[in-house]
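Take a look at the structure below.
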Amino acid sequence: MPGKLKAKIVAGRHLPVMDRASDLTDAFVEVKFGNTTFKTDVCPKSLNPQWNSEWFKFEVDDEDLQDEPLQITVLDHDTYSANDAIGKVYIDIDPLLCSEAATVISGWFPIYDTIHGIRGEINVLVKVDLFNDLNRFRQSSCGVKFFCTMSIPRCFRAMVIHGFVEELVVNEDPEYQWIDRIRTPRASNEARQRLISLMSGELQRKIGLKVLEMGGNAVVGYLQCFDLEGESGLVVRAIGTACTLDKISSTCPAAVVPNLSNSSPSKDMKDSLQAVPSTLGCRSTHSSPVHSASSRLSQGFSVSVPTLLFAGMKNRQRSSEGPRARQCRAVFGEEAPGVPLSSGPPTPLRAQTFSSFSPSKSYSRQSSSSDTELSLTPKTARICLSPSSPLHQCKSSPLPTMVPRSRTPPLLHVSQSDTAMLRKSVSFSEDLLLVASGMGSGGSAGKEAGPLKALLRQQTQSALEQREFPFFTLTGFPVGFLLHVGGVVSARSVKLLDRIHNPDEPETRDAWWEEIRQEIKSHAKALGCHAVVGYSESTSICEEVCILSASGTAAILSSRFMQDGALDTEHRFEDTAPPACGFCHIPYDELNMPFPAQLTYCHCCRRHKVPDVLFTTIDVPTEASITGKGCLIQARLCRTKKKAQGEGNATAISNLLPFLEYELHTQLLNKLKLRGMNALFGLRVQISVGDTMLLGLASATGVYLTALPSPGGIQIAGKTPSDLTYEQHVSNMQKKINDTIAKNKELYEISPPEWVEEVIGSPIPESRQRSRIFRSHSESSDEVLELDLSHGKKDAFVLEIDDTDAIEDIHSLLTDAPTPPGFYSCNTEIMPGIYNWTSSLQMFTSVRVFRLSNANLTNQGLNKIFNDLCENLLKSLYFKLRSMVPCCLCHVNFIVAVPEDELIQVAVTAVAMSLDKDQTQENGRQSGDKTLMKAITENEEQLQFPLELSAECPSNPLSSAKGLSEVSGPLPSARAPSVDHSSFTDRCSSWIEQIRLKAHTIRRGSIKTTSSLEKSSPLPDSRSRSLRSNRSCPSSSVAVVKMTPLSFLPGTKIIKYLGIINMFFIRETTSLREEGGVSGFLHSFIAEVFAMVRAHVAALGGNAVVSYSMKECVFMENPNKNQAQCLINVSGDAVIFIRESELEATPSQTQSGNVQTSSNGEGT
Amino acid sequence: MLLVVNTAAVVKMSVELDVFVGNTTIMDKEVYQLWLNGYTVSDAVKVRMEGGVMEECEASADVLLSDTMDQFRTFQMCERLLQNPAKLANQLLFQIPPDRQAMLIERYYAFDDAFVREVLGKKLSKGTKKDLDDVSAKTGITLKSCRRQFDNFKRVFKVVEELKGPLVENIKQHFLLPDPLARDYAAIVFFANNRFETGKKKLQYLTFHDFAFCAGQLINNWTVGAVDNMVEDMDVDLDKEFLQDLKDLKILIADKDLLDQHKSLVCVALRGKTKVFNEMEANFKNLSRGLVNIAAKLTNPKDVRDFFIDLIEKFIEPCRSDRWTATDVNLYLTHYTNSAHILDSFKHQTVWTRYMGVIKSCILRMYHE
């Protein structure tokens, strides 16, 4: 019995009148978890009932705890007829399962009904007592932390970044089951909500298991999506980046205390005995070896045991985490041979070995005396968990760890010091490299146990190689992690949906994604990169056709953090060199480029080469040096499509896709040049498919990277120079464009230092002589050459107007209205070049649906409508938010959809953040630099900890070991990528053919523009993380919950992450007109969703949601029947923040604070 | 201008749905006022365009339209909460900063003087509500706004009617209104409860604030709560006992000696202090009879209703026709009141003070020169 869930129903308020006669309600509550239901007494004749119930206790498996939500139903008692449901509250208790998150859920929750919306509120108290479960092979993964945040969360540091985790579960959609014909809409909606809640819980649990297998303790950049495939089912899938995180002790000086106290103080005395061991037990059994609190205490342990394993390692205090992680794996490796290749259920033997081991490495066990009885669960009966585990440890642990020494080294390459040793000794055998990548990413691990997989991998490399994905969902990285950026890689695939026959075996969907990921991986390789960062996946479904898309940024990541101890001095040395120069430099062979690009010497260091334009899906790196300010750039495209069915439809769509992408790309590039910028960050291309059209929307933040060359202008060339008026027209247009560019440069303050351009042609620069080993993918690069999406060859970018289309294009280029004065916008976390944030912010969601009145629209007509729709939406936003000026719209996220024929839906979620009016730019810059300095030191501190890389980057350890620490970070050897070379080439060429010949294949992928650049300034401009700001908001007595799509709140410090918020709601109405039409209906639904998110956060004890996003907003209407339905999925991280002013003020903070206290903002 | 609005409407046709929801509910004070004033969306857009907000923010007509519609919708959704302001503070649906909440409530409960003047003292019944279109036509206030104001009066009335304790405090507590507004509502409730006549032609010159002042005087002095705050009774009704006692004042006019004595005392005091002394002397008996008769009749509800009209007919009009200044009136009433205390045979000093205090301040307030 691993867990006891306790719930108490306190009171209700603002209940609806259920009894017309008395204008009152006789309310009672049903509390349900799993199959157990409790009821409160009826509180007669009250709209504000006080139940003050006893504690309802549910004794459940922790597996259920993770999967199931607590379901609270408020009903109106009726003596004569059936009781009427007032509404429900689903409470996800996952945050309570993690020792460091929330300890109690307590607060007012809106009572939600899928037909009536929010109907009053209910006050609930929920607690969980977790018992020990030492069974290594259990199916639960309590304690793994999940973060939606796309970078290492603020109050943690990454010890190890393991890599990609993914999982997918499928089920039948209740809405399409036969029973749906006879049940009420309410019952159907509730079934659906509940199912999705269950599936998300299951998904999270499974991903947690994978993370534990990999030795991690957290998932960062967790992205969960629903595919409502209609008839063919419901898919819930998630990707994330497994990490081992450590809480930064500076925010919690007594690192140990919070953990111990975490669970206990809020519980009453009776509970505390159980509570304390439970959290600790949880931690140890999870073998999530790294825990914030443990770093110091575990010292003893890591010295005693790991020395056997890692003899050559320096025992630095902070390294204690690493070894522990390794150790687990060591154990895995050791155990695996014992059960060779059997993927069957875990044997008792293994369970014992492991569990006897794991408690011993937990210091915490020793600190609590009561856990003995608790952990003596049936599953782990043989284990003696006496408080005297030091002794125990001596007995049991050396045994397992000795063996791995002899056997497992090949498996241990991922961990720090071993890796270096290994690589040196073993040389770069392909096998090893593959395993290396495999170990980290652990991609599509199924339910089998980890150890087996590890062995399997080693033995059947080729098969495994297919499954490994060196992907990272993160978009922000610790300084120095990102060495080179190759460019955007993306892949799309059009699939025909069929019914999922066996929900337990979602193989088709898995295979689909795997295919796409392979493609992405090979694209990355073609760009000379071994990893993909800022990786994301999405789908667009229209009836039985589904477009699967994946995109990311090919990159080379630093492996130097894989070393430890001995090599540290060299790191230091490296750090003194111009920082992060490599990030802009090309990762590919300049003589053998995957696509034509115009290379120049980096404008910062002048030693390495950079491309003329750089596209990425990641955030602007902290260290990047930016000239001027950035802006949101969107390419919008609409293409008509003939109505078709099944296969034909799929073919038609896949034929259109390459053109769509090409045009989007061209548009982006044109708009970028028009703004005088040379790089795009946060690029997100969305393709939406409808019955009669395809929509493409690419959003990104354009900036001028100082390291990259200044973009040439845009030149217009007429095809028929004979016509005089035409000439005139062309020159007019040219003038307009030139004016616009000049104006934009001024607007975005782009005034790069004069620099004599030297285009690198043939001369082989010195830098080439660096010991770079270039991979040889000649075939592929030849192929890709055709894919010259970047138009990089021309100095001045030439637009040919040869027909009306082109004229239209140019017109549309110029019609993009500039942002009104005082406004900035970007779709990245924050705008580069802005430092003077205040704490005033406003998160919002805006949705528009546009009906195309004329069915026979041309592409141009459609384009214009779509373009206008987006432009007008932006204009409306600026108008709405005018009171916050000067302000910046950050993280502007557009979701486009084609819900029906002739309908286009655009939903935007973003946050507006006010800037300090009074502070001059200079001031801002200065203090920005100051805080930047601080940020850098902080970051550096973070980076002293090994980042374990899962990606294949074999050469770096070598080079740094030899002291060849090139500033740019040497490129990895070509061997690893070349392994899958042939298959990659196939894919690549097949794709190219499709572009050229409109081949009728259905699969698709693309390589996009690329490059890298460099910057030299020792003090790079950066987003100032410690955004100081004025404390403006009047303190309110009401619990205010802030929401933001960003990972931070300016002027504040996040002190605790309380857990992930992942909610799914359905709202339906059969009285659309009465609710104010579609707008009224959706307006109140969105407001209700916000309210429920806030309520859950507040109940967890939080005061903000960061990394908030609305993943899904599916709106359907039938005005004739007066009906509408909407589904919304939102997610984010619940946090507690405190204002920086409330922290002990450091000198610099005080200073910047002084400058800014003057201005004020809208508040929250 | 009209043309622009029309094109906006055309564009709107194809925008099927358009919503904006902020985590903190965005509310523009100006738009809120337009909504409160009962404007339609297109009228509000017109007003906003004339206000120049477009030039200021480079917005187009449809941006303005979209924003206006959106805010109107928000207000509509909030209206339910505004009708129960206590709920607004602890509801979860809209996150509104407290200062904004206060603004929303205050403005929602604000009313037009022109409107309140029309319904003051009327029964807040369905019948009155039906006549609101006449009121709307007469005052130029939109019917929608009239209804809102009327419903506010009625809502406050209903809640406070049955409550014990001080009226103003009750209103403040239940409707979270600022003090001046709560006092105005107290006056409205008090007038509606006692059905004071305010609509007669002779009363037309009086503003709402004149009446509100008088109501305040009555509430503070003539109700049960006025004497003893601890008394568990309502503030909205006049003190029955006191009204009964007022009958005793009749002696001042019934007893010929007393009347003469009173007159001579007043005349002695006034002599040489005013230009209209002669008129005062001549009118004394008339005026005194008038005021004492008003007092004596107040036990009859019908006469309570006519309290203000009586004051005008019996006192203010005669004085005005004799061209008394406000100072004269003040002087006269002061001495009139004080002199009665010197009358040996007049035993009802307390009642007299309580009565004349209110009468004096009411008359002074109502006496517009």
Quick numbers on segment A:1033-1131, Rg and Dmax over C-alpha atoms in Å, give 16.1, 51
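Which of A:His530, B:His341 has the fewest other C-beta atoms within 10 Å, and how do the rest follow up to the most? Write down the numbers at each step before the final one.
Details: A:His530 32, B:His341 12.
Taking fewest neighbouring Cβ atoms as first place, the list is B:His341, A:His530.
Ranking B:Glu106, A:Glu507 by Cβ neighbours within 10 Å, fewest first, what do you get? Write down the numbers at each step before the final one.
Numbers: B:Glu106 16, A:Glu507 13.
Ascending Cβ contact count within 10 Å gives the list A:Glu507, B:Glu106.
Just want the ordering: B:Leu331, B:Leu364, from fewest to most Cβ atoms lying within 10 Å of their own Cβ. Mind dumping the intermediate values first?
Values: B:Leu331 20, B:Leu364 14.
By the 10 Å Cβ count, ascending: B:Leu364, B:Leu331.
With the cut-off at 23 Å, tell me which of the pairs A:Lys745/A:Lys1053; B:Lys201/B:Lys247; A:Lys32/A:Lys1111; B:Lys138/B:Lys200 have Cα atoms farther apart than that.
Working: A:Lys745/A:Lys1053 35 Å; B:Lys201/B:Lys247 29 Å; A:Lys32/A:Lys1111 28 Å; B:Lys138/B:Lys200 16 Å.
Flagged as over cut-off: A:Lys745/A:Lys1053; B:Lys201/B:Lys247; A:Lys32/A:Lys1111.
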Using only the alpha-carbon atoms, what does segment A:643-716 span along each of its principal axes? Please give whole angstrom values in decreasing order.
50, 28, 15
Quick one: 3J(HN,Hα) in Hz for segment A:529-539, Karplus 6.51/-1.76/1.60 with θ = phi - 60°, rounded, Gly and Pro as x.
10, 10, 9, 10, 10, x, 7, 8, 10, 8, 9
Taking amide H atoms as placed 1.01 Å from N in the peptide plane, list the residues 5 or more away in sequence, or in a different chain, whose amide H sits under 5 Å from that of A:Lys45.
A:Thr25, A:Asp26, A:Ala27
With a 10 Å radius around each residue's Cβ, average the other Cβ atoms per peptide and rank B:165-171, B:198-204, highest first.
B:165-171, B:198-204
Across the residues of A:841-852, average count of Cβ atoms on other protein chains within 10 Å?
5
Counting only residues 5 or more apart in sequence or on a different chain, those whose built amide H sits under 5 Å from that of B:Leu206 are none
For a protection proxy built on the mean count of beta-carbon atoms within 10 angstrom, sort A:177-190, A:675-688 highest first, please.
A:675-688, A:177-190
I need two numbers for segment A:168-230: Rg to one decimal and Dmax as a whole number, Cα atoms only, in Å.
15.0, 48
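With the Cα gyration tensor of segment B:1-160 giving a ≥ b ≥ c as the square roots of its eigenvalues, does the rule (a/c under 1.5 for rounded; else a/b larger than b/c for prolate; else oblate) give rounded, prolate or oblate? Walk me through the intermediate numbers first.
On the way: a/c = 2.30, a/b = 1.38, b/c = 1.67.
Judged from the Cα gyration tensor, segment B:1-160 comes out oblate (a/c at least 1.5, b/c at or above a/b).
Other chains' Cβ within 10 Å of B:59-65 residues: what's the mean?
4
Let me have the 222 nm mean residue ellipticity of chain B computed from DSSP H runs of 4+ only, each contributing -39500 (n - 2.57), with the sum over all residues rounded to the nearest 500. Let's see the in-between values first.
Working: 24 runs with 257 residues, N = 369.
Mean residue ellipticity at 222 nm (helix-derived): -21000 deg cm²/dmol.
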Wrap a convex hull around the Cα atoms of segment B:163-298, take a quarter of its surface area, and give that in square nanometres.
10.7 nm²
Counting just the Cα atoms, what span does chain B cover along each of its three principal axes? Round to the nearest Å and put the largest first.
87, 44, 34
Output ³J(HN,Hα) for segment A:859-876: one whole-Hz value per residue in order, computed from phi by the Karplus curve 6.51 cos²θ - 1.76 cosθ + 1.60 with θ = phi - 60°, and x for Gly and Pro.
4, 5, x, 4, 4, 5, 4, 5, 4, 4, 4, 5, 4, 5, 4, 4, 4, 4
Let me confirm one metric for peptide A:82-95, namely the mean number of other chain beta-carbon atoms within 10 Å of its residues' beta-carbons.
0
Return the distance in nm (one decimal) between the two label points of a simple spin-label model at B:Asp344 and A:Thr79, each offset 7 Å from Cα along Cα→Cβ.
7.5 nm
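Under the classification rounded if a/c is under 1.5, otherwise prolate if a/b is larger than b/c and oblate if not, where does segment B:95-164 fall, given a ≥ b ≥ c as square roots of the Cα gyration tensor eigenvalues?
On the way: a/c = 2.53, a/b = 1.35, b/c = 1.86.
Oblate, since a/c reaches 1.5 and b/c is not below a/b.
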I need the Debye-formula profile for segment A:1067-1125: one equal scatterer per C-alpha, no solvent, reported as log10 I(q)/I(0) at q = 0.17, 0.27 1/Å, two decimals.
-0.64, -1.05
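To the nearest 20 Debye, how big is the dipole of segment A:116-224 about its Cα centre, given +1 on the beta carbon of each Lys and Arg and -1 on that of each Asp and Glu? Write down the numbers at each step before the final one.
Working: 15 positive and 12 negative charges, 59 e Å.
Computed charge dipole of segment A:116-224: roughly 280 debye.
Each value in this text was obtained by applying a stated rule to the coordinates, not by laboratory testing. Just so we're clear, the structure is a prediction, and the values are computed from it rather than from any experiment. Neighbour counts run over all protein chains shown; Cβ positions are idealised from the backbone, glycine included.
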